[in-house]
């Protein structure tokens, strides 16, 4: 299958991530509203994403598939909306729909290698949230723009907020935070957009072959960037938006950063 690369298809726009073997994971979402592309929907809509693994040396792409991606309300991210999240290790690419009960596992050539059960259930959204006017809504593809919007909510929270693979090949899944702060789900995944200071401290660690092997409580409000054999590297922001990088030791015998 011939697949356009990032930036070459006007009806898809996305990101590329460098894999450990030097290839790139491309995630290209529908680019709604552009001339010749599918029109933008005024209400709740969910775009799709094309996932490929691209080798720049051979100009060859392997297709993982087309998956449901970001849930939107017009041009805005739907608050507590579902996302398509990816993570990668030296052997696997993990693909997760945050509203689904399973996470897909692929090898680096795009071949399906297994399925992991999502470790968290769907939790209904309290009806009182449906009646609130909300601010701090992000606009995809632009700088953050404060606004006031009356937005419908989904019936349930997403099951999880982030995926991160460690250097040992395990997948870490962050439980979706249930707090009083209304948040666009994508804000939980952006290193540059971590204004939300109430991430869930609970992560479940999944082995691609054995499933869940540990539950870990992160120091609050750490945003993990990299997890090694015996450390967790992460970012914190104080009340003045000053960023600090912290390194915590990780005791795998007990599964907890110290």
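Fewest-first ordering of 69, 102, 185, 89 by other beta carbons within 10 Å of each residue's beta carbon gives 102, 89, 69, 185.
Debye-formula intensities of the stretch 52-99, expressed as log10 I(q)/I(0) at q = 0.14, 0.27 Å⁻¹, are -0.50, -1.02 (one equal scatterer per alpha-carbon, no solvent). Under the classification rounded if a/c is under 1.5, otherwise prolate if a/b is larger than b/c and oblate if not, where does the stretch 1-113 fall, given a ≥ b ≥ c as square roots of the Cα gyration tensor eigenvalues? It comes out oblate by the Cα gyration axes. Ordered by the count of other Cβ atoms within 10 Å of each Cβ, fewest first, 52, 98, 115, 204 give 115, 204, 52, 98.
Read-outs throughout are calculated quantities, based only on the coordinates presented, and are distinct from any laboratory measurement. Predicted model only: the values in this text are computed from it and were never measured. Positions of Cβ are backbone-derived with ideal geometry, glycine not excepted, and every protein chain shown enters the neighbour counts.
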